[in-house]
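The values are calculated or read from the model by the stated rules, or taken from the named source; none is laboratory data. Here the structure is a predicted model, which means the values were calculated and not measured. We place every Cβ from the backbone using ideal geometry, glycine too, and count neighbours over all the protein chains shown.
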Amino acid sequence: MDYEVSHNNGCDIIKLHNKFNAETVKDVKRYFNLCINESVGDVLIDMTQVDNIDSSGIGALVFLYKRLKSESRSLGLLGAQGKTSNILNMLRITETIKNYHNFNEYLGDHHH
């Protein structure tokens, strides 16, 4: 899967493209593990370009959330919209993992 990684204000940002589903989740999950094991800050998943998510993608987000939470770190979503946002809301994922409209909203929430 095509994804980009950046760092901003002590936060790892993983920008996903197009699909986050059974066929692409393994590639990203490898990086999720790297984030868990080798970095110390919060993680944001930029979903502005994700137009297809399924139970595998949801499962990977929940896995990452639980692992980060156990280390007192947080996971946020950035810019999930359309069908992706509808699915996340329907499954109540966004009640646990906040979906920020933009990075500034995240910064306002976290006062780094």
Residue, farthest from the chain's Cα centre (by Cα), within the stretch 74-99, restricted to residues that are under 15 Å from Leu16 (Cα atoms) and crowded, with 19+ Cβ neighbours inside 10 Å: Thr84
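Would you check if there is a residue in the stretch 7-17 being within 14 Å of the chain's Cα centre (by Cα) and over 23 Å from Leu107 (Cβ atoms)? Walk me through how you get there before you give the answer.
Going residue by residue through the stretch 7-17, those that are within 14 Å of the chain's Cα centre (by Cα) are 7, 11-17.
So of that shortlist, the ones also over 23 Å from Leu107 (Cβ atoms) come out as 17.
Looking through the stretch 7-17, at least one residue is within 14 Å of the chain's Cα centre (by Cα) and over 23 Å from Leu107 (Cβ atoms).
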Pick from the stretch 42-73, criterion β-branched (Val, Ile, Thr) and over 17 Å from Val5 (Cβ atoms), ranking: surrounded by the fewest Cβ atoms within 10 Å (Cβ to Cβ): Val62
Condition broken by Phe32, with the remaining ones in (1) in a strand (DSSP E or B); (2) of a type outside the set (A, V, I, L, M); (3) within 12 Å of the chain's Cα centre (by Cα) satisfied: (1)
Matching residues, the stretch 14-41, being touching a Ser or Thr at 6+ places or on another chain (Cβ under 9 Å), crowded, with 20+ Cβ neighbours inside 10 Å and not hydroxyl-bearing (Ser, Thr, Tyr): Leu16, Phe20, Val25
Residues being free of Cβ contacts under 8 Å to residues at least 12 places away in the same chain and touching a Leu at 6+ places or on another chain (Cβ under 8 Å) - total across the stretch 62-104: 1
Selection within the stretch 62-92 - closer than 22 Å to Ile36 by Cα, touching a strand residue (DSSP E or B) at 6+ places or on another chain (Cβ under 8 Å) and in a helix (DSSP H, G or I): Leu64, Tyr65, Leu68, Lys69
Filter result (touching a Lys or Arg at 6+ places or on another chain (Cβ under 8 Å) and either within 12 Å of Arg67 (Cβ to Cβ) or in contact (Cβ under 8 Å) with a residue 60 or more places away in the chain (or both)) within the stretch 33-50: Ile36, Asp42, Val43
Filtered residues of the stretch 42-92 (kept if farther than 18 Å from Asp12 by Cβ, modelled with pLDDT under 95 and acidic (Asp, Glu)): Asp51
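For the stretch 93-112: of the residues being in a helix (DSSP H, G or I) and over 20 Å from Phe32 (Cα atoms), which is modelled with the lowest pLDDT? Walk me through it before giving the result.
Of the stretch 93-112, the ones in a helix (DSSP H, G or I) are 93-95, 103-110.
Now narrow it down to the ones that are over 20 Å from Phe32 (Cα atoms): 95, 104-105, 107-110.
Values: Glu95: 95, Asn104: 92, Glu105: 93, Leu107: 91, Gly108: 91, Asp109: 86, His110: 78.
Restricting to residues being in a helix (DSSP H, G or I) and over 20 Å from Phe32 (Cα atoms), the top hit is His110.
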